[in-house]
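Below is one structure, written out as structure tokens; comments come after it.
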Amino acid sequence: LKTAIIAMLRAGHPVFFGCDVGKFYDRDRGILDTELTDLALGFNTPLRMNKAQRVATGESSMTHAMVITGVHLDGEQPVRWRVENSWGEEAGKKGWFVMADRWMDEYTFQAVVDFNFVPANVKAILKQSPKVLPRWDPMGVLA
């Protein structure tokens, strides 16, 4: 997913993506980062489930869509992403957010990328018969 997003950005195209925006974010400062709040310190126990467990239990799902407009790379590895939100200039820095790469891993579920930017191994999946998701499936809609 990240490879295709980075390729799109390098070609000058923004990327529409679906995520669970309400987790580990600071709306006023425009920060999306899993290390924003240390829940283990506050509750003296680790409270985090992995991504699959959060989706399976309904703790996490796509709740919002935004647009990725840039990425900061360390070599070829993404560190953080520039995100434009639709909440207006009152949220973030005049509507802009910085998303840590670790937040993207945990709370991004879908991205809309051009077929030409998708790696060959992902394109091969399109040769499989599609699986139709039930209407109530959390992955059945793009936020």
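The values are calculated or read from the model by the stated rules, or taken from the named source; none is laboratory data. Quantities reported herein were computed from a predicted structural model and do not represent experimental measurements. Cβ atoms come from the backbone with ideal geometry, glycine included; neighbour counts cover every protein chain shown. Please note that ligands, DNA and RNA were not included when accessible areas were found on the heavy atoms of the full protein model with its side chains. Shrake-Rupley method; radii C 1.70, N 1.55, O 1.52, S 1.80 Å.
Screening the candidates Gly70, Gly95 for the property of being under 19 Å from Val15 (Cα atoms) and at pLDDT below 95 yields one hit, Gly95. Kindly provide the set of residues from region 24-48 that are in contact with a helix residue (DSSP H, G or I) (Cβ under 6 Å, 6 or more places away or on another chain) and open to solvent by 50 Å² or more (accessible area, probe 1.4 Å), ordered by number. Passing the criteria: Pro46, Leu47.
Would you check which residues across region 51-62 are assigned to a loop (DSSP other than H, G, I, E, B) and open to solvent by 80 Å² or more (accessible area, probe 1.4 Å) and list them?
Glu59
Picking from residues in region 95-126 that are in a strand (DSSP E or B) and among the aliphatic types (A, V, I, L, M), the one that is surrounded by the fewest Cβ atoms within 10 Å (Cβ to Cβ) is Val112. Val21 meets the conditions (1) part of a loop (DSSP other than H, G, I, E, B); (2) surrounded by fewer than 16 Cβ atoms within 10 Å (Cβ to Cβ) in every case but one. The failed one is (2). Scanning region 31-41 for residues that are modelled with pLDDT under 95 and assigned to a loop (DSSP other than H, G, I, E, B) returns Thr34, Glu35, Leu36, Thr37, Asp38. Scanning region 68-94 for residues that are under 22 Å from Asp28 (Cα atoms), open to solvent by less than 40 Å² (accessible area, probe 1.4 Å) and under 17 Å from the mean Cα position of the chain (by Cα) returns Ile68, Gly70, Trp81, Val83, Asn85, Gly92. Somewhere in region 1-18, is a residue β-branched (Val, Ile, Thr), open to solvent by 50 Å² or more (accessible area, probe 1.4 Å) and either touching a residue at least 60 places away in the same chain (Cβ under 8 Å) or over 21 Å from Phe109 (Cβ atoms) (or both)? Yes, that holds for at least one residue. Taking residues in region 24-47 that are at positive phi and hydrophobic (A, V, I, L, M, F, W, C), and partners anywhere that are modelled with pLDDT of 95 or more and open to solvent by less than 50 Å² (accessible area, probe 1.4 Å), the pairs with Cβ atoms closer than 8 Å and at least 6 places apart or on different chains are Phe24/Leu32; Phe24/Asp33; Phe24/Trp103; Phe24/Tyr107.
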